[in-house]
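*Asks:* Below you will find the structure I want to go over with you.
The values are calculated or read from the model by the stated rules, or taken from the named source; none is laboratory data. All values derive from a computational prediction rather than experimental measurement. All Cβ positions, glycine included, derive from the backbone under ideal geometry; neighbour counts span all protein chains shown. Heavy atoms of the whole protein, side chains included, go into the accessibility calculation; ligands, DNA and RNA do not. Shrake-Rupley method; radii C 1.70, N 1.55, O 1.52, S 1.80 Å.
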Amino acid sequence: MRVFTRFRSLSLLHFIFAVLLAFAAHPRASAVEAPRLVQKDGRTALFVEGRPYLILGGQIYNSSAWPGKLPEVWDSMAALHANTVEAPVYWEQVEPQPGHFDFSNVDQVVEGARAHKLHVVLLWFGTWKNGNMHYVPEWVKTDNKRFPRVIRADGEPIDVLSALSRNTMEADKSAFAALMRHLKSIDDEQHTVLLLQVENESGIVGSVRDFSPEANREFAGPVPSDLLAAVHKSPGTWAQVFGGDADETFQVYHQAKYINEIVAAGKKEFAIPCYINVWLAYPPAELPQRQVDVPGIGYPSGGPVQKMVDVWKKLAPSIDAIGPDLYSSDTRFYLDMMRTYHRADNPLWIPETGHEAPYGKFVFYALGEGAIGFSPFGMDQPWGTTSGKVPWGAHASNYGLLAPMSREIAQAEFEGKLRTAVEEPGRVDEEVDFGNWQATVAFGFPQFDGRRAPGTKEAQGAALVVQVGPDEFLVTGVDCSVIFHLPGKKAWMHSEFLRVEEGTFEDGKWMSSRLLNGDETDRGLQFHGATDIVRVKMNKF
Ligand code: DGJ
């Protein structure tokens, strides 16, 4: 009897142990880690499923996040070779009556994305869309008492809501929180949705600030102490402290705190990274139709434009990133903007850029600068153009090149092991420096011995080089040759290719298809625009 009891309790113990083991070995099969931003040595990566992820995105047109338009969206994303779709969520559709929510559009976007193996960035079109209030529900638009509009200096109300209204902020906040709660209920395990954009190009188009009697009263008073602390200034009225920037700073203050509170409430429901996008201040000379670059006219007043990034970062700590919408293909401006928004406290993320060919090469510039992602706008253009061609072919062929190695790219960026070279008119070759090795990139073909490379017609050549080992590299490019050499030495002097493999990555595994040698390597690796990745091992002798 005793023996039996012992035997029985032992087997019970075994059973409990086995069950515990089984649970430990098989955590909930589908649960993946939530997306998060991770920093290392001043670089930031977007971790998806626990490792760096590169967003090769495409933003759809404003009115395309409707079930009837989605089939076109999925076709376009496939043609673009995108891994992430950016799709709006319309406050007016989500909350047609106060407190009554309809998330059917959102559900279809998320389910469709899963079916097409895409991730999603959702764009909350709430209080602000391009410096206006056009996406707020009818019950908000028609109740100006409860949801006051911005009043211009001449006393006229405009189509922008006042950031000073607690009522409006609470209404937006509760809708956004409901959206995040809903996302938690449908996406907590799979994490198809990577990021939330909160509002769209917030600010006021048509006035530098709200000039309602309440706003004027507040403007005449002292600058709040949290703002003084953020900008390291002494007390005074708005005009005394900020002089010519007082009106714009007043709007920035209210707007940044308004959006920060919405983001904080949303993240309480579902903790994934949230960012805001910005309608930049462009050099007036580039926008002749606007002539003057003044807040409220040249760009929406109150947004995180270049000169306001710092104060926005301080006033809105819940916002994980501010991403510039880049609609100028002037290289100097583009680079300047990337460097302005890429800071130790702000990852570089380009949520919108032009879809036309001249913007294609900027994905290489962005990767060279350490971007977590890049996403041109208007990528679900119907196919019915007379030429049968989409206007975004350059982005599609670049993404085709980068998509198979996007995880490797993200990892290399995070480790500081990635360099790019990009052609500019008159700049037909470039040196890429890894310290122990350098690479010479030359753009355009044919490349004759003893002559400079010809460059390409539209100056769209580019190369991307990743160092995967001390003497080992992954290389890809557009219309260029790439040859490695030791610092201070010419190619082939004390160095040579040990092995050159052409291939691709499948699910993170390198698949070599052939060895390259002879004419394919003697004058450097040749990239003619096909979707090639080359893995190179160098030798010193
Ligand atoms: C920037 C906005 O953020 C987008 O929603 C869209 O309106 C584009 N401009 C159009 O160019």
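*Asks:* May I ask for the net charge around H528, where only other residues with Cβ less than 12 Å from the Cβ of H528 are counted and Lys, Arg are +1 while Asp, Glu are -1?
*Replies:* Here the charged neighbours net out to -3.
*Asks:* Right, something else. Could you tell me the calculated FRET efficiency between Q190 and I297, based on Cβ-Cβ distance and R0 = 45 angstrom, to the nearest 0.05?
*Replies:* My answer for the efficiency is 0.55.
*Asks:* Please give me the summed charge of the neighbours of V160: other residues whose Cβ is under 11 Å from its Cβ, Lys and Arg +1, Asp and Glu -1.
*Replies:* Once positives and negatives cancel, what remains is +2.
*Asks:* Pairs of alpha-carbon atoms within less than 8 angstrom and 6+ residues apart define the contacts here; what relative contact order does segment 196-323 have, in percent?
*Replies:* Once normalised by length, the contact order is 39 percent.
*Asks:* Assuming 0.36 nm per residue, please report the length gained on full extension of the stretch A239 to F101 beyond their Cα-Cα distance.
*Replies:* Net length gain for the segment: 45.4 nm.
*Asks:* Taking a threshold of 24 Å on the Cα-Cα distance, which of the pairs K509/K537; K257/K307; K141/K314; K145/K313 fall above it?
*Replies:* With Cα atoms farther than 24 Å apart: K141/K314; K145/K313.
*Asks:* Another question, if that's okay. Pull up the cross-link candidates among the lysines for K361, meaning alpha carbon to alpha carbon under 25 Å and not fewer than 8 places away within one chain.
*Replies:* K389, K417, K457
*Asks:* Can you send over the solvent-accessible area of D433, 1.4 Å probe, protein chains only, in Å² to the nearest 10?
*Replies:* So the heavy atoms of D433 present about 80 Å² to solvent.
*Asks:* Under 14 Å from a label point 7 Å along Cα→Cβ of E501: give me every residue in segment 455-469 with its amide N that close.
*Replies:* 468-469
*Asks:* Another question about this same structure. Just to confirm, what accessible area per residue do you get for segment 388-492 at 1.4 Å probe, in whole Å²?
*Replies:* In whole numbers, segment 388-492 has 40 Å² accessible per residue.
*Asks:* If you roll a 1.4 Å probe over segment 424-486 with all protein chains in place, what percent of the accessible area is carbon or sulfur?
*Replies:* 51 percent
*Asks:* List the GluC sites (Glu not before Pro) within segment 402-458 that DSSP assigns to loop and that have no more than 15 neighbouring Cβ atoms inside 10 Å.
*Replies:* Answer in residue order: E458.
*Asks:* May I pose another question? Per residue, how many Å² of accessible area does segment 300-361 show with a 1.4 Å probe?
*Replies:* With the other protein chains kept in place, segment 300-361 gives 32 Å² per residue.
*Asks:* In addition: Over the Cα atoms of the chain, compute the convex hull volume and normalise it per residue, giving Å³.
*Replies:* 229 Å³
*Asks:* May I ask you to rank K129, K184, K307 by accessible area, largest first, using a 1.4 Å probe over the protein chains only?
*Replies:* Descending accessible area places them as K307, K184, K129.
*Asks:* Ranked from the most accessible area to the least, with a 1.4 Å probe and all protein chains present, what is the order of E269, E520?
*Replies:* Of E269, E520, the descending order of accessible area is E520, E269.
*Asks:* As a test of reading the structure, rank E472, E138 by solvent-accessible area (1.4 Å probe, protein chains only), most first.
*Replies:* So the residues, ranked largest to smallest area, are E138, E472.
*Asks:* Hey, which aspartates and glutamates would be in cross-link range of K40, C-alpha to C-alpha under 20 Å, not counting anything within fewer than 8 residues on its own chain?
*Replies:* Partners within reach: E49, D320, D345, E369, E408, E413, E415.
*Asks:* To continue, here is another question. Under the 0.36 nm per residue contour assumption, what length would be gained going from the current alpha-carbon distance of K117 and A357 to full extension?
*Replies:* Length gained between K117 and A357: 83.8 nm.
*Asks:* While we're on this one: Take the Cα radius of gyration of segment 422-541 and divide it by 2.2 N^0.38 Å, with N its residue count; two decimals is plenty.
*Replies:* Relative to the rule-of-thumb radius for its length, segment 422-541 sits at 1.01.
*Asks:* Something else now. For a paramagnetic label modelled at 7 Å from the Cα of A344 toward its Cβ, which residues of segment 223-255 fall within the zone defined by backbone nitrogen distances under 15 Å?
*Replies:* In segment 223-255, the label zone of A344 (backbone N under 15 Å from the point 7 Å along Cα→Cβ) covers no residue.
*Asks:* For the chain, which DSSP H helices look membrane-span-like by this rule: Cα extent along the axis of 27 Å or more and mean Kyte-Doolittle of at least -0.5?
*Replies:* 2-25, 166-187
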